[in-house]
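No lab work stands behind these numbers, since they all come straight from the coordinates. These numbers come from a predicted model, not from an experiment. Quick reminder, even Gly has a Cβ in these numbers, built from the backbone with ideal geometry, and neighbours come from all protein chains shown.
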Amino acid sequence: MALRAELERRVDAVRRFNRFYTRKIGVLGEGLLSSPYTLTQARVLYELAYRERPTASELVKDLGLDPGYLSRILRNFEKQGLLARAASAEDARQRHLSLTPSGRKAFVSLEHTTREQIAALLTPLSALQQDQIETAMQQIEAALGDPVPDGGATAQGPYCLRPHRPGDMGWVVHRHGALYAAEYGWDETFEALVAEIVAGFVKNFDPAQERCWIAERDGQNIGSVFLVRESAGVAKLRLLLVEPAARGLGLGQRLIEECLGFAREAGYERVRLWTNGNLAAARHLYRKAGFQMLESEPHHSFGHDLVSETWELTL
């Protein structure tokens, strides 16, 4: 009886928090954040914006939606000129989905409003309070998330993404130098290049146009990525890194998604990056995110004969 009473108390606590949080972030009205979209419609827009030409069956599976309900949402998007469908080359019964320019414009507007609303919630709080909220959400996600096959970390984490702070830049330089030496045999000139990039970022940092994300788990840095301004309409994605112990969590894809979301919000038209042909895992992530290779060129750097590649994504 005592155990049952304790469970009932916790059920009440979770429901109380759910009522508080849904009211706080404005999901109870007919339209999310005064938009014409419900919460589910907004989530489908988000998936269409960040996935590379998904199918309806993939969305049904990953979002846990009723197929008929999703079908009605997609038909509605199509009528509004937000959605385009293209036949799959692999399976004629499947249709690949993508946002039209109007659909992407609608998503960017909704994404901007969402980020501004969350920023308004957090800004009055101290840095300590913000860290506590972030940690609490991370713990909830880790506890309730779906386990990966090895029974360890959850599919979405557990990790948090945060802006850079003192000490992070030295870590970025050190880990790039150490990992690329261990995994690819690159010499110290690569570490020197990373140090130059990091120094330029810090000296010229424009928070409205540029961002660094550090992935952290249990107080330890496990990944990084930078978005920096190249010109008025072009941003560069730089220094993507995921620690070996954190691979398999989808962290690399998440870091790229954060870059692209911020780039759209900041008004960039394209995102460009430079990589090398032997970095297969990174190249797979870039291609999956929608980047296309513009050019490649042989060069000798970091103690090896390499092939440099320039990739670009139109937002």
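If you line up the long axis of helix 67-79 against the longest principal axis of the chain, both from Cα atoms, how many degrees apart are they, to the nearest 10?
With rounding to tens, the tilt is 70 degrees.
In terms of modelled amide H atoms, which long-range or inter-chain residues lie less than 5 Å from the amide H of Thr100?
Those qualifying (amide H under 5 Å, at least 5 residues apart or on another chain) are Leu83, Ala84.
Could you tell me whether segment 159-314 comes out rounded, prolate or oblate from its Cα gyration tensor? Rule is a ≥ b ≥ c as square roots of the eigenvalues, rounded for a/c under 1.5, then prolate if a/b exceeds b/c, otherwise oblate.
Because its axes are fairly even, with a/c under 1.5, segment 159-314 counts as rounded.
Between (1) 128; (2) 183; (3) 136, which matches volume of the Cα convex hull per residue in Å³ calculated for the structure shown?
Working out volume of the Cα convex hull per residue in Å³ from the coordinates points to (2).
At what distance in nm do the modelled label points of Leu7 and Asp305 sit from each other, each positioned 7 Å from its Cα along Cα→Cβ?
Reported label-point gap for Leu7 and Asp305 is 6.7 nm.
Taking the 0 to 90 degree range and rounding to the nearest ten, how far is the long axis of helix 251-266 tilted relative to the main principal axis of the chain, both from C-alpha atoms?
Result, in degrees: 80.
Over the chain, calculate the relative contact order: mean separation of alpha carbon pairs under 8 Å at least 6 apart, over the residue count, as a percent.
Relative contact order, the chain: 11 percent.
What does the charge add up to near Asn204, with Lys and Arg as +1, Asp and Glu as -1, over the other residues with Cβ less than 14 Å from its Cβ?
Values: positive: Lys203, Arg211, Arg229, Lys236, Arg238; negative: Glu196, Asp206, Glu210, Glu230.
Its environment carries a net charge of +1.
Report, in degrees rounded to the nearest 10, the 0 to 90 angle that the Cα long axis of helix 39-50 makes with the longest principal axis of the chain.
The helix 39-50 is inclined about 20 degrees to the chain.
If we sort 227-234, 259-266, 171-178 on the protection proxy, mean other Cβ atoms within 10 Å, highest first, what's the order?
In decreasing order of mean packing, 227-234, 259-266, 171-178 become 259-266, 171-178, 227-234.
Provide the packing ranking of 246-254, 201-209, i.e. peptides ordered by the mean count of other C-beta atoms within 10 Å per residue, highest first.
Details: 246-254: 18.9, 201-209: 11.8.
Most protected by this proxy first, the peptides run 246-254, 201-209.
Translational diffusion coefficient of segment 228-315 at 25 °C, 0.890 mPa s, Stokes-Einstein with Kirkwood Rh over Cα pairs, in µm²/s as a whole number.
Details: Rh = 13.7 Å.
The Stokes-Einstein estimate is 179 µm²/s.
Evaluate E = 1/(1 + (r/R0)^6) for Thr123 and Leu144, where r is the Cβ-Cβ distance and R0 equals 30 Å; express this FRET efficiency to the nearest 0.05.
Plugging the Cβ-Cβ distance into 1/(1 + (r/R0)^6) gives 0.65.
Given axes a ≥ b ≥ c from the Cα gyration tensor, I'd like to know whether segment 31-122 is rounded (a/c under 1.5), prolate (a/b larger than b/c) or oblate.
prolate
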